[in-house]
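Q: If you scroll down you'll find the structure; I have some questions about it.
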Amino acid sequence: MSPCVRVRRRRAWVPIAFGLGLTALAGPAVSQQDAAELRGSWEAQGYVLSGGATHAVRGQIHFTQTDWLVLFFVMDGAEPARGSAEGGRYTLQGDLLTFEHLHHLSVGRELAGLAASPLRMETSAEGAKEPTRIELDADSLTLLFPSGNRMTFVRSSAP
């Protein structure tokens, strides 16, 4: 199975009645069920860069009700070439997942499409926000980053 399988996210359409029985439709909205579907642990499957390079990854991302943590390695064959551990808070509105980066640790060597990254360690009370589109179903999660890169995951455990 390709690491960049696209998964369609279910859309919630809510009918709104008004006036003389006229009906309008509201756009996609996050439901409590959608937010609950995100919670838990997801195993990293693939990393596709905007320029087309594809990398194998190993690791997990975990979502609680309000917080997230990720630990992943970009692989060069059987060896980790880059690593990142990040975490903070998040919000979910429709298909827009906004990460707030409070903690960041990363390092890595150059790979196709990725410049070398010196050791970076940062922590803050308020972090940079990264609005990221998602495609979500019960067992698959794709993060569509603002950079054009995307990372795919499969569910490894429910909350």
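Q: Is at least one residue of the range 52-67 in contact with a Lys or Arg (Cβ under 9 Å, 6 or more places away or on another chain), assigned to a strand (DSSP E or B), at pLDDT below 95 and hydrophobic (A, V, I, L, M, F, W, C)?
A: no
Let's see how each residue does on (1) touching a helix residue (DSSP H, G or I) at 6+ places or on another chain (Cβ under 8 Å); (2) open to solvent by 30 Å² or more (accessible area, probe 1.4 Å); (3) without any contact (Cβ under 8 Å) to a residue 12 or more places away in the chain:
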position	(1), (2), (3)
Leu102	no, no, no
Gly108	no, no, no
Ala115	no, yes, yes
Leu136	yes, no, no
Asp139	no, yes, no
Leu143	no, no, no
Thr152	no, no, no
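Q: Among (1) touching a strand residue (DSSP E or B) at 6+ places or on another chain (Cβ under 9 Å); (2) modelled with pLDDT under 95, there is one condition Leu111 misses while meeting the rest; what is its number?
A: Checking Leu111 against (1) touching a strand residue (DSSP E or B) at 6+ places or on another chain (Cβ under 9 Å); (2) modelled with pLDDT under 95, the one that fails is (2).
Q: Also: For the range 133-149, give me each residue that is hydroxyl-bearing (Ser, Thr, Tyr) and closer than 15 Å to Val48 by Cα. Lay out the reasoning, then the answer.
A: As a first pass, look at the range 133-149 and keep what is hydroxyl-bearing (Ser, Thr, Tyr): 140, 142, 147.
Residues satisfying the conditions are Thr142, Ser147.
Q: Which residues, counting only those in the range 44-55, are closer than 16 Å to Leu141 by Cα and either surrounded by fewer than 19 Cβ atoms within 10 Å (Cβ to Cβ) or touching a Gly at 6+ places or on another chain (Cβ under 6 Å) (or both)? Quick ask: steps written out before the conclusion?
A: Start the filter on the range 44-55 by keeping residues that are closer than 16 Å to Leu141 by Cα, which leaves 44-48.
The answer is Ala44, Gly46.
Q: Would you check if there is a residue in the range 81-88 being in contact with a Pro (Cβ under 8 Å, 6 or more places away or on another chain) and farther than 20 Å from Glu126 by Cβ?
A: Pass one, the range 81-88, residues in contact with a Pro (Cβ under 8 Å, 6 or more places away or on another chain): none.
Looking through the range 81-88, none of the residues is in contact with a Pro (Cβ under 8 Å, 6 or more places away or on another chain) and farther than 20 Å from Glu126 by Cβ.
Q: Please go through (1) among the small types (Gly, Ala, Ser); (2) open to solvent by less than 70 Å² (accessible area, probe 1.4 Å); (3) in a strand (DSSP E or B) for Gly148 and return the number of the only condition it doesn't satisfy.
A: Among (1) among the small types (Gly, Ala, Ser); (2) open to solvent by less than 70 Å² (accessible area, probe 1.4 Å); (3) in a strand (DSSP E or B), the lone unmet condition for Gly148 is (3).
The values are calculated or read from the model by the stated rules, or taken from the named source; none is laboratory data. Being a predicted model, the structure only gives us computed values, none of them experimental. Note that we place each Cβ from the backbone using ideal geometry, even for glycine, and neighbour counts take in every protein chain shown. Ligands, DNA and RNA are excluded from the accessible area calculation, which covers all protein heavy atoms including side chains. Shrake-Rupley method; radii C 1.70, N 1.55, O 1.52, S 1.80 Å.
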